[in-house]
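Let me begin by presenting the structure, written as structure tokens, before commenting on it.
The values are calculated or read from the model by the stated rules, or taken from the named source; none is laboratory data. Because the structure is predicted, anything quoted here is derived from the model rather than measured. Every residue, glycine among them, receives a Cβ derived from its backbone with ideal geometry; neighbour counts consider all protein chains shown. We work out accessible area using only protein heavy atoms, side chains counted, and drop any ligands, DNA or RNA first. Shrake-Rupley method; radii C 1.70, N 1.55, O 1.52, S 1.80 Å.
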Amino acid sequence: MKILAIESSCDETAAAVVEDGRKVHSNIISSQIAIHTLYGGVVPEIASRAHIEKVIQVADAALEEAKVSLQEIDAIGVTYGPGLVGALLVGVSAAKAMAYAAGKPLIGVHHIEGHISANYIQAPDLEPPFLCLVVSGGHTNLVIVKDYGEYEVLGSTRDDAAGEAFDKVARAIGLGYPGGPKIQRVSEQGDKNAIDFPRAKLSDNPFDFSFSGVKSSVLNYLNSCEMKGEKYVQADVAASFQEAVVDVLVSHTIAGAKKLGYTKLAMAGGVASNKALREAMSDACKKRGYKLYYPDPILCTDNAAMIGAAAYYDYKRGLISDLHLNAVPNLKLGER
Ligand code: KG4
Ligand code: ZN
């Protein structure tokens, strides 16, 4: 079964053709990073307009690269939430129009379900159940993947998402947008033990996350350097901040696996492409004999191949949308 998938929830306009949820025939991504860099972050209205300009182009490119026509496609999958409402609406409208014109089934996909499903593309042997750490610019969740399309959220962030903290700290130390990859690069020259930034633990749910404390701590550190007339070492701040975030992500995930008895773990989302996180999580898993899965960086950050994978498993469960499908900006995982 070949699915044409569309993703437009934030700042990437993407389309892909995916067969049986695992085999990627094309994965086209048109990034808006260059436009939003001018403003230091994603401007929702500009994102919507850029999606409108690109969505048909990327869908055509995905079909062309996969060497299939719209008529040869079996279904259309599209992200309908969560995300920026105007951005989501562009993808949803385009997908509905294509599904109607070609007389194909339409499948509305949850964006986070897409991120998790990127692991099915990367690892053909991976089957649920497993425990998945989802870390992106908008989300930080520890998710129990009980079965295809069946999730239980074990822990979530109470404030900033991990990627959001990377982006805010990057801006504060003059690295600009998008912060994650820039902090990773600069950290390679820094000392991760130079500054002891805090690791938040929440007493009422040990699997919940909080990143506003570490972010404020970085800002306080920068302020105190300025007050003392001292110059801070950018690479040391970046490396120490990254270490604090990675530490929390790894310790929460391992604690969750230990408590619930999972030995199969996965990571997903933009921050899952972070090298320090991959290394630390791999080490922690190796020590305990756990099997760890994570997608290639191109499948970690927003893309449509992951949406095609999730759409396939939704379709198999009979979850077909109709042409009333609408964008749901704050869609919860497991909700429809
Ligand atoms: O999954 P994604 O593309 O979009 C959302 O669904 O939010 O994630 C984007 C986030 C951004 O905050 C970006 O800074 C972060 O992922 N990110 C990284 C890295 N690459 C992207 N964070 C840390 N290290 C990276 N290498
Ligand atoms: Zn995402």
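Can you name the residue in the stretch 179-223 that is over 21 Å from G270 (Cβ atoms) and of a type in the set (S, T, Y) and is also most open to solvent (accessible area, probe 1.4 Å) among such residues?
Among residues in the stretch 179-223 that are over 21 Å from G270 (Cβ atoms) and of a type in the set (S, T, Y), the one most open to solvent (accessible area, probe 1.4 Å) is S203.
Would you please name the residue that is nearest to V17 (Cα to Cα), looking only at residues in the stretch 111-156 that are within 16 Å of ligand 2 (Cβ to nearest atom) and part of a loop (DSSP other than H, G, I, E, B)?
Looking at the filtered set, the residue picked out is S136.
Suppose we keep only residues that are open to solvent by 20 Å² or more (accessible area, probe 1.4 Å) and polar (S, T, N, Q) within the stretch 266-286. Which one would you say is farthest from the chain's Cα centre (by Cα)?
Filtering first and then ranking leaves S282.
Counting only residues that are touching a helix residue (DSSP H, G or I) at 6+ places or on another chain (Cβ under 8 Å) and more than 12 Å from ligand 1 (Cβ to nearest atom), give me the helices (runs of 4 or more DSSP H) lying completely in the stretch 244-336 with at least 2 of them.
275-288, 305-316
How many residues are open to solvent by 20 Å² or more (accessible area, probe 1.4 Å) and touching an Asp or Glu at 6+ places or on another chain (Cβ under 6 Å) if we restrict to the stretch 287-311?
Qualifying residue count, the stretch 287-311: 1.
I'd like to know if the stretch 313-327 contains one or more residues that are in contact (Cβ under 8 Å) with a residue 24 or more places away in the chain, touching a Pro at 6+ places or on another chain (Cβ under 9 Å) and open to solvent by less than 60 Å² (accessible area, probe 1.4 Å).
Yes.
Which numbered condition in (1) open to solvent by less than 10 Å² (accessible area, probe 1.4 Å); (2) within 13 Å of ligand 1 (Cβ to nearest atom) is the only one that V92 fails?
(2)
Do you know which residues across the stretch 157-167 are within 14 Å of ligand 2 (Cβ to nearest atom) and open to solvent by less than 10 Å² (accessible area, probe 1.4 Å)?
A161, A162, G163, F166 - these are the residues of the stretch 157-167 that are within 14 Å of ligand 2 (Cβ to nearest atom) and open to solvent by less than 10 Å² (accessible area, probe 1.4 Å).
So which residues in the stretch 1-22 are away from ligand 2 (no atom under 15 Å from the Cβ), part of a strand (DSSP E or B) and touching a residue at least 60 places away in the same chain (Cβ under 8 Å), if there are any at all?
Passing the criteria: K2, I3, L4, A15, V17, V18.
Return the residues of the stretch 31-52 that are farther than 23 Å from A95 by Cα and part of a helix (DSSP H, G or I); say none if nothing qualifies.
Answer for the stretch 31-52, where residues must be farther than 23 Å from A95 by Cα and part of a helix (DSSP H, G or I): I33, A34, I35, H36, T37.
With A309, A276 as the choices, which residue is of a type outside the set (S, T, N, Q) and either within 16 Å of ligand 2 (Cβ to nearest atom) or not assigned by TED's automatic domain parsing to the domain that holds L133 (or both)?
Criteria check complete, one pass: A309.
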